[in-house]
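Worksheet for the structure shown next.
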Amino acid sequence: MTFDPIVLFFLLGVVSGLVKSDLKIPAAIYEALSIYLLLAIGLKGGVELAKYPLLDLAGDAMIAVAAAMAIPLVGYPVLRFVGRMAQPDAASIAAHYGSVSVVTYSVAVAAIGQQAIDHDGYMAVFLALLEFPALLLGVVLARLGDATQNGKSGLASVDWGRLLHEVLAGKSIVLLIGGLIIGYVAGRMDAYAPMAPLFRDLFKGVLALFLLEMGLVAASRVAAFRTYGAFLVVFAVVMPVAAAAWGLVVAQWLGFTLGNAILLATLFASASYIAAPAAMRIAVPQANPALSIGASLGVTFPFNVFVGIPLYVWMAQRWIGH
């Protein structure tokens, strides 16, 4: 089974924090790492989008994105009212589970390749498109909480114009969407190659440093994870399986082949631990990253790699057929 060693950098950060090491990532460097990752992810998605005729994929893509929005919209009330989590934490975790994991997708591609199950290359477009909307929705949910804690209740207390401006003009969303547009233009003009050494070749190394910092932050807030630990572990296992089942329903409705259906189910089941932590740390700083990263990277990621993907293949073979 494919294993990505960058996960060990997160574990190194956690261990360093738990043993009270003096290891620290300066704030300015962390800010630079976040900006780099968000831009690089946006650029990568835009370049991938440029490889395919968007009009041919637009219908299926819009349906898949709309269906994927059900994941954070279902996950948020479960976290908020069943798990009794604070509003920013529930919104942040919901955004993590609504977004996708590039690494999990790559493992799924390798897994179906080993079983000689074909898939279409344009599934990478769905990977790019599903990465951002849930992050936007997570910020909206968090901002709604801020707006309704002033003595009023309900959506009437929300200044929607200001809310939309704060969300859309927030630097995390600007970097992601801006990078997506730049990457699309660069991809269409075959002008991405000069930027590739910086934004593609160095990506894994920068990500490793970012996860090291995330591990340090998670360790500093481990007490909060202990409070919700049992609930979060159950959520982090049940949510991806339910989301994968929903993904297969959508894939069957769209008439996807077996391989494409498995990949869509995997995307729905995955939880972001790259774009989402970077975006939520900037846009919702009051959220506790120990909870979101502990669930998405500590539980859901290994579950999907070792148990989930084989399960989704089995489910798809019975629902979609060979």
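The values are calculated or read from the model by the stated rules, or taken from the named source; none is laboratory data. Note that the structure is a prediction, hence the values are computed from the model and not measured. As a convention, Cβ positions derive from the backbone with ideal geometry for all residues, glycine included, and neighbour counts pool all protein chains shown.
Numbers below:
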| read-out | value |
| --- | --- |
| Test: residue in region 66-75 that is over 22 Å from the mean Cα position of the chain (by Cα) and surrounded by 14 or more Cβ atoms within 10 Å (Cβ to Cβ) | no |
| Boolean, A61 is touching a helix residue (DSSP H, G or I) at 6+ places or on another chain (Cβ under 6 Å) and over 16 Å from G247 (Cα atoms) | no |
| Only listed residue being within 19 Å of A287 (Cβ to Cβ) and of a type in the set (G, A, S), chosen from A70, A50, A86 | A86 |
| Unique match (being under 16 Å from the mean Cα position of the chain (by Cα) and not in a helix (DSSP H, G or I)) among V139, V125, V100 | V100 |
| Residue pairs meeting the criteria (Cβ under 7 Å; at least 6 apart or on separate chains; first free of Cβ contacts under 8 Å to residues at least 12 places away in the same chain, in region 65-92; second crowded, with 18+ Cβ neighbours inside 10 Å and assigned to a helix (DSSP H, G or I)) | R80/Q87; R80/A90 |
| Counted residues, region 77-88 - those being in a helix (DSSP H, G or I) and buried (at least 24 other Cβ atoms within 10 Å of the Cβ) | 1 |
| Test: residue in region 189-197 that is assigned to a helix (DSSP H, G or I) and of a type in the set (F, W, Y) | no |
| Qualifying residue in region 75-87 (condition: over 24 Å from I182 (Cα atoms) and modelled with pLDDT under 85) | no |
| Filtered residue count, region 198-227, keeping only those that are modelled with pLDDT of 80 or more and either among the small types (G, A, S) or assigned to a helix (DSSP H, G or I) (or both) | 15 |
| Residue within region 33-55 that is of a type in the set (F, W, Y), surrounded by fewer than 14 Cβ atoms within 10 Å (Cβ to Cβ) and part of a helix (DSSP H, G or I) present | no |
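Residues are listed down the side, and each one gets a yes or a no for (1) at pLDDT 85 or above; (2) of a type in the set (A, V, I, L, M); (3) more than 18 Å from the chain's Cα centre (by Cα):
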{"residue": "A116", "(1), (2), (3)": "yes, yes, yes"}
{"residue": "D120", "(1), (2), (3)": "no, no, yes"}
{"residue": "L164", "(1), (2), (3)": "no, yes, yes"}
{"residue": "I173", "(1), (2), (3)": "no, yes, no"}
{"residue": "A193", "(1), (2), (3)": "yes, yes, yes"}
{"residue": "A196", "(1), (2), (3)": "yes, yes, yes"}
